Amino acid sequence: MFTDGDAPLIVRKSDGGFGYPATDLAALLHRVTTLRADRIVYVVDARQAPHFQQVFGTARRAGWLPPSVEAVHAAFGMMLGADGRPFKSRSGDTAPLVGLLTEAVERATTVVAAKNPSLDAAELAERGRDVGIGAVKYADLSTGRTRDHLYDPDRMMALTGNTGVYLQYAHARLRSVLAKAGAVPPVTIDAPLRDVERALILRLDTFGDVLTGVATTCEPHRLCTYLHDLAQTVTTFYERCPVLRSPEPVRGNRIALCALTADTLATGLDLLGIAAPPRL
């Protein structure tokens, strides 16, 4: 038994049995000595914070977790049902994940079919899965990591607001413009810029800093916020700045700006584990 602060961490019980502390300490030692990790991130329920505080503290005192290795508990909140109760994995008194995902895909397929009735059955099924699974992932990741949030399919599937569907449609709209434009031309540096174009460029320029911040803080909702802001900015740009009908060199620059924005949205969604289909 090790003691970190006032509370003891029981590694081996009086009856000779071992619990979670033993396996967690052994895993940590393996990651440091065998895997040579310099940063270890544990993505576990926020309610386990005291346990990991004890484990990390004990490992440091034992010399198994040297100062050069960072150990982080990336705590997360719970997904709650409409009744405010958490979805549980053991008791079985709430819907299993497969049921939630199936419902999300069915709802998404309906939304996509209404938006684009020309899709054939195979593509509709694929897009319904992309949107449905993406909507659930985005709803989870866009919430502050330690906060609980409600499972709300109607909000998840909304075409407006901070949802995965909104980002996917913003990306697909840009891909449609680029398909009509053809090859992306080289950028002309001295072409005039409108304020909304400048705002979009500045927003794109912060993408790298956002990714660095997300990696440092283990807070993916920061990336979600950035992508949502980017989608709103490019929507304003698209509404105020004609792309294909503009004269050169403005036309070429705007096409290039659409391409960079589409690529940034696709990259950001991919980092979140969400598909970015070219057509919805």
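What follows draws every value from the coordinates through simple rules; no lab data is involved. Computed from a predicted structure; not experimentally measured. Cβ coordinates were reconstructed from backbone atoms using ideal geometry, including for glycine residues, and neighbour counts include every protein chain displayed.
Remark: C-alpha extents of region 187-228 on the principal axes read 39, 17, 11 Å, sorted largest to smallest. The mean sequence distance of close C-alpha pairs (under 8 Å, at least 6 residues apart), as a share of the length of the chain, puts its relative contact order at 17 percent. Just the number, please: percent antiparallel of the DSSP beta bridges in the chain, rounded to the nearest 5. That works out to approximately 40 percent antiparallel. Across region 2-73, Cα pairs under 8 Å and at least six residues apart give a relative contact order of 35 percent.
Applying a 10 Å radius around every beta-carbon, put 247-257, 162-172 in order of their mean neighbour count, most first. Show your work: numbers first, answer last.
Values: 247-257: 17.9, 162-172: 23.6.
The peptides rank, most packed first, as 162-172, 247-257.
Of the residues THR143, THR267, THR58, the one that moves most in a GNM of the chain with alpha-carbon contacts below 10 Å is THR58. Between the DSSP loop rule and a limit of at most 13 other Cβ atoms within 10 Å, which trypsin sites (Lys or Arg not before Pro) in region 90-167 are left? Within region 90-167, the qualifying trypsin sites (Lys or Arg not before Pro) (loop, at most 13 other Cβ atoms within 10 Å) are ARG90, ARG147.
Considering only ALA139, ALA262, ALA199, give the residue with the highest GNM mean-square fluctuation for the chain, with springs between Cα atoms whenever their separation is below 10 Å. Taking springs between Cα atoms under 10 Å, the residue moving most is ALA199. Region 195-261 and region 17-70 have Cα centres lying 40 Å from one another. If one puts a single equal scatterer on every Cα of the chain and applies the Debye formula without solvent, what log₁₀ I(q)/I(0) results at q = 0.12 Å⁻¹? So the normalised log intensities work out to -0.89.
Where in the chain are the DSSP H helices whose alpha-carbon span along the long axis reaches 30 Å or more and whose Kyte-Doolittle mean is at least -0.5? Once both thresholds are applied, what remains is 250-271.
Which values of log₁₀ I(q)/I(0), to two decimal places, follow from the Debye formula for region 174-280 at q = 0.14 Å⁻¹ with a uniform point scatterer at every Cα? With one equal scatterer per Cα and no solvent, log10 I(q)/I(0) is -0.57.
Taking LEU35, LEU124, LEU65 as the candidate residues, the one with maximal mean-square fluctuation in a Gaussian network model of the chain, Cα springs under 10 Å, is LEU35. Sorting 200-208, 9-17 by their mean Cβ neighbour count within 10 Å, with the most densely packed peptide first, gives 200-208, 9-17.
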